[in-house]
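Bear in mind that the values in this text are calculations on the coordinates, not laboratory data. For clarity, every value in this text was computed on a predicted model and none was experimentally measured. As a convention, Cβ positions derive from the backbone with ideal geometry for all residues, glycine included, and neighbour counts pool all protein chains shown.
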Amino acid sequence: MLRISQYLREIATAEREGVYPSPRRAQSGGETRPVVIWNLTRRCNLTCKHCYALSADHHYPGELSHEEICTVMDDLRAYGVPVLILSGGEPLLHPQLFEIASRAQGMGFYTALSSNGTMIDAAMADRIAAQHFDYVGVSIDGSRDTHDRFRRKVGAYDESMAGIRLLHERGVKTGLRYTFTDLNGQDFPFLLQLMKDEGVDKFYFSHLNYAGRGNIHRGRDAHFEATRQALDLLFETAWADAEAGSSRDYVTGNNDADAAYLLAWVGRRWPQWQAPLRARLVAWGGNASGVGVANIDSQGEVHPDTMWGHHQLGNVRERPFSAIWSDRSDPLMDGLKMHPRPVKGRCAECQHLALCGGNTRVRAHQLTGDYWAEDPGCYLDDNEIGLSQEAASRLARVALTPFSGKRRVIEVLSA
């Protein structure tokens with residue numbers, strides 16, 4: 001996740017004081033422990049078009065019991081995991097969500113909730129507020145009609161927005177989560193204004209990743225120019241807030257090329273601050289899959305992040321999370337933990353590899369079958385990544401091909 005507002009606030013401070021602010025003191029003590037996004041249940045009352053978990057409104061057998069969840073939490077705390085994001089499916093459908101949240105908070109985890117918002121009526125808002133979650137994120141895909149189409153439910157927008165307003169009235173820190181595609185890109189300006197009108201604290205701009213239904217619908221991913229225009233608007237909005245001293249936060253995810261694009265955006269306006277910003281972005285390191293973020297699904301499978309649902313590292317019923325996460329015998333996990341990662345093609349030749357970390361490996365794998373091929377979602381052109389003419393002529397871009405669910409028929413000839 002790229003914290004746009006954090007970096008632009010630093011630029012605003014530098015402009016006021018004439019000196020770039022000192023970096024935050026890095027934590028010592030060895031390897032960084034990941035933020036864990038925990039899909040407590042796969043069940044959801046919606047069947048959204050871009051759902052990475054392929055959730056639906058029915059029971060999924062084999063989900064972790066409450067006792068198993070507590071055992072995993074003990075291991076996570078001992079391992080030094082700082083953050084739990086309780087997700088799904090729709091986590092509000094988990095019968096013991098609030099008991100789990102209470103235990104997590106009592107153990108000292110930063111505890112957040114990720115919801116679609118449709119189940120947050122006044123009574124549920126009271127319960128969420130009383131739980132004192134550190135943050136609650138609610139997905140909104142666009143204006144009313146757009147959101148309802150994405151969520152495949154008429155009235156979903158009104159229900160989700162009602163939930164957000166109820167949380168806001170109770171002082172709960174809330175955020176909008178938005179996935180940008182060519183089907184809802186036209187609604188992005190509306191959502192930025194909605195954030196201000198509703199007093200929402202945070203805006204999370206997610207690029208489409210090719211997982212679950214997001215992979216099935218990858219043919220409707222946003223075109224590169226549309227992505228650039230959306231990010232320009234996002235940066236301008238975040239800069240206006242940073243300059244005005246607003247506490248609203250803007251972040252992006254699932255396309256770490258955003259770091260290089262932000263660096264260029266800043267460089268055109270304040271070239272004197274480009275070098276210290278680049279140092280900050282290199283320290284951030286880009287894609288965090290397998291390093292700074294982890295996923296545990298409802299059945300206990302551990303994944304490098306939520307978008308790697310098709311790649312299992314191990315199950316917490318068989319081995320502790322700490323042992324699974326530290327084990328580099330899995331080739332994908334080993335590569336994700338390398339510095340630099342063993343990327344190929346345009347990614348290997350890119351001058352911004354230290355910023356983005358090779359971007360999202362999921363898209364590369366889904367399209368090519370190769371973990372380390374170039375990320376086809378990178379919207380930067382050859383000049384922006386510093387590609388020579390020779391390299392540009394040698395390295396053809398990976399084409400974005402629509403998902404095909406057709407199975408090949410292999411004829412078997414008898415002897």
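Quick look at the numbers
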{"quantity": "Label point at His310 placed 7 Å out along Cα→Cβ; residues across region 169-213 whose backbone nitrogen lies under 17 Å", "calculated": "208-213"}
{"quantity": "Antiparallel bridge percentage (DSSP; both residues within the chain; nearest 5)", "calculated": "20"}
{"quantity": "Cβ-based exposure ranking for Leu194, Leu113, in which fewest neighbours within 10 Å come first", "calculated": "Leu194, Leu113"}
{"quantity": "Residues Ser246, Ser22, sorted so that the one with the fewest Cβ neighbours within 10 Å comes first", "calculated": "Ser22, Ser246"}
{"quantity": "The chain: Lys pairs at Cα distance under 30 angstrom, eight or more positions apart or on different chains", "calculated": "13"}
{"quantity": "Region 338-394 - percent relative contact order, Cα under 8 Å, separation 6 or more", "calculated": "36"}
{"quantity": "Percent RCO, i.e. relative contact order, over region 49-168, from Cα pairs under 8 Å lying at least 6 residues apart", "calculated": "25"}
{"quantity": "Percentage of interatomic Cα-Cα distances in region 338-394 larger than 12 Å", "calculated": "62"}
{"quantity": "Label selected from (1) 22.2, 67; (2) 21.3, 82; (3) 23.7, 79, the criterion being Rg and Dmax of the Cα atoms in Å as computed here", "calculated": "(2)"}
{"quantity": "Exposure proxy ranking, count of Cβ atoms within 10 Å, fewest first, for Ile4, Ile140, Ile69", "calculated": "Ile69, Ile4, Ile140"}
{"quantity": "Between region 1-24 and region 343-394, the alpha-carbon center distance in angstrom", "calculated": "28"}
{"quantity": "Residues with amide H under 5 Å from that of Val35, placed H, sequence gap 5 or more", "calculated": "Val293, Ala294"}
{"quantity": "Placed amide H near Thr179: partners under 5 Å, 5+ positions off or other chain", "calculated": "Ser206"}
{"quantity": "Computed [θ] at 222 nm, deg cm²/dmol, the chain (DSSP H ≥ 4; -39,500 (n - 2.57); rounded to nearest 500)", "calculated": "-11500 deg cm²/dmol"}
